[in-house]
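Some notes on the structure that comes next.
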Amino acid sequence: MLDWEKASEFYISVWTEVMKVPYGHTSSYGAIAKAINNPNSSRAVGLANRNNPIAILMPCHRIIGKSGNLTGYFYGLDIKQQLLELENPMSYAKQGTLF
């Protein structure tokens, strides 16, 4: 059990939902907001992710923008990209060009 004693109920609900996103998959801030029955709280979901105290255990890097763009990662979007590539290279690896 994770100790989220000082966290708000909203943050706990967001983090609990984020932990459900499987390895190699992503979800969006909006989808997390809908899943916690607070559909207009996408930005607050992003803030909760930013305040995640245990990033090594909680896969907040798996949460992306609804358009599929990588957005808002505390450690930088390059790190978020690398983590997603590691988990799912077929979907997130940068594609090179032939010429």
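The values are calculated or read from the model by the stated rules, or taken from the named source; none is laboratory data. The shown structure was predicted, so the numbers you read here are calculated from the model rather than taken from an experiment. Note that we place each Cβ from the backbone using ideal geometry, even for glycine, and neighbour counts take in every protein chain shown. When the accessible area is computed, the model is the full protein with side chains, heavy atoms only, and any ligands, DNA or RNA have been set aside. Shrake-Rupley method; radii C 1.70, N 1.55, O 1.52, S 1.80 Å.
Length gain on complete extension for the stretch residue 71 to residue 91, per 0.36 nm per residue less the alpha carbon to alpha carbon distance?
Full extension of this stretch gives 5.6 nm more.
Over the chain, what relative contact order in percent results from Cα pairs under 8 Å that are six or more residues apart?
25 percent
Rank 54, 83, 28 by how far each Cα sits towards the positive end of the charge dipole of the chain (+1 on Lys, Arg Cβ; -1 on Asp, Glu Cβ) and give me just the farthest.
28
Consider a paramagnetic label point 7 Å from the Cα of residue 34 along Cα→Cβ; state which residues of region 62-89 have an amide N under 20 Å from it.
Of the residues in region 62-89, 62-71 have backbone N under 20 Å from the label point off residue 34.
Taking 0.36 nm per residue of separation and subtracting the Cα-Cα distance, what length does fully extending residue 47 through residue 78 add?
Computed gain between residue 47 and residue 78 is 9.3 nm.
Would you work out what percent of the accessible area of the chain, with all protein chains in place, is carbon or sulfur (probe 1.4 Å)?
Carbon and sulfur atoms account for 56 percent of the accessible area of the chain.
Let me know the charge dipole size of the chain about its Cα centre in debye, to the nearest 20, where only the beta-carbon of Lys, Arg (+1) and Asp, Glu (-1) is charged.
280 debye
Under a 1.4 Å probe, what is the accessible area of the chain per residue, stated in Å²?
That works out to 68 Å² for each residue.
Kindly identify region 1-48 as rounded, prolate or oblate by the Cα gyration tensor criterion: order the square roots of the eigenvalues as a ≥ b ≥ c, call it rounded if a/c is under 1.5, otherwise compare a/b with b/c, prolate if a/b is larger, else oblate.
Oblate, because a/c is 1.5 or more while a/b does not exceed b/c.
The list (1) 0.97; (2) 1.00; (3) 1.09 gives values of Rg/Rh (Cα atoms, Kirkwood Rh), and only one came from this structure; which label was calculated from it?
(2)
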